[in-house]
Amino acid sequence: MTYSPIFGNRKNTIIYSAVWLGFAVIQANFLIWVFDIPVFVAATEAFIFNSFFGIIGRSIWPVTKFSRIDKVYYFNSIITHLVTALLIISIWYFLSSVLVKIIYNVSDNYVHYQFLNETKTFRILQGSFYYLLLIMNYYLFILAEDRKENELREVNLLSNLKQAELEMLKSQLNPHFIFNSLNSISSLTIVEPKSAQKMVILLSDFLRYSLRSSNELVTFKEELAATEKYLAIEKVRFDDKLLINKKIAPGLEEFKLPSLILQPLVENAIKYGLHDSLDASTVDINCEKENELLKITISNEFDPKSTMKKGEGVGLRNVKDRLSLIYDLDDLLLTEKKEQQFIVTLRIPRK
């Protein structure tokens, strides 16, 4: 902040001028009641002395700005202010006194001319008080600006850390899925080259989607299309063992949600529903609107004993962490075991 905080905007300028006008009124009343000075003379003198200091006081800002009390060289700052105060007060007193004396001489007010000379100490103390008052306010401006900048810097830092954490979580696509897909493609190239080609295209499209830059929100239509590519890949791998039931309510196409948020949930359902079973397994996907939320329910059959050994999948934890970082809510992903069904319920707020 290199500009003066007082004259940086109109509001502060008006307040600054009003304060000096208030000081002039106080001084005029003081001269009238304590020294029995005529109203016109007291008002003129008070206005001249206070308005002059208000004008000259603007030059104190650069000195205060570059003589920071939070720097190492405190002694240098004190010396700088003492020299500046001496210079400012001397100029202020000289100019104000000259103008007031001219007015007194023109008015043939010798008594008040003499009064001005006799109250020199009072004027110097007045100028010293004004100088201290100004540098105190300037330093308060500086401290407030520093605090604002530090808070903004902290917010930016937290935002960058949050973004980095989101990118890290998003990038943790299960490598086993890629390895297994490549193995399946390798096998298919011998027996079913066309299926292998189809699987390569699907895998390529899905990986391209998963590498989208940043954690931008995408439409439900885009996310569902990517998830269907993933399911198509898994269908090639598991064939008739994998059964998918989808129930998608209309009107959800443009609902915004984090990219690559469904695939880990579907992968978890397939992993625990099929990998330890010789029989076919069904994965149910239900998407609907619940008030202002997008509610997605994914359920799969599972072997309770086998699943208990494995615990909660890494994919679910990553989804929970991503949702918490993006929406600042911790209850958007819920899991439930019901008989031989494992149910994951995801709720996405409108954002």
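A few notes on this one:
- Residues of the range 274-295 satisfying the condition of being crowded, with 19+ Cβ neighbours inside 10 Å and over 18 Å from Ser181 (Cβ atoms): Ser281, Ile285, Cys287, Leu294
- Applying the criterion of at least 1 residues that are buried (at least 16 other Cβ atoms within 10 Å of the Cβ), more than 37 Å from the chain's Cα centre (by Cα) and at pLDDT below 70 to the helices (runs of 4 or more DSSP H) found wholly in the range 108-193 leaves 110-118.
- If the condition is being under 26 Å from Asn183 (Cα atoms), part of a strand (DSSP E or B) and touching a helix residue (DSSP H, G or I) at 6+ places or on another chain (Cβ under 8 Å), then the range 231-264 contributes Leu242, Ile244.
- Long-range neighbours under 6 Å by Cβ, at least six apart or interchain, first residue of a type in the set (A, V, I, L, M) within the range 127-152, second assigned to a helix (DSSP H, G or I): Leu134/Gly57; Leu134/Ile60; Ile135/Thr64
The values are calculated or read from the model by the stated rules, or taken from the named source; none is laboratory data. Since this is a predicted model, take the numbers as computed values, not measurements. When we count neighbours, we look across all protein chains shown, and the Cβ atoms used for this are built from the backbone with ideal geometry, even at glycine.
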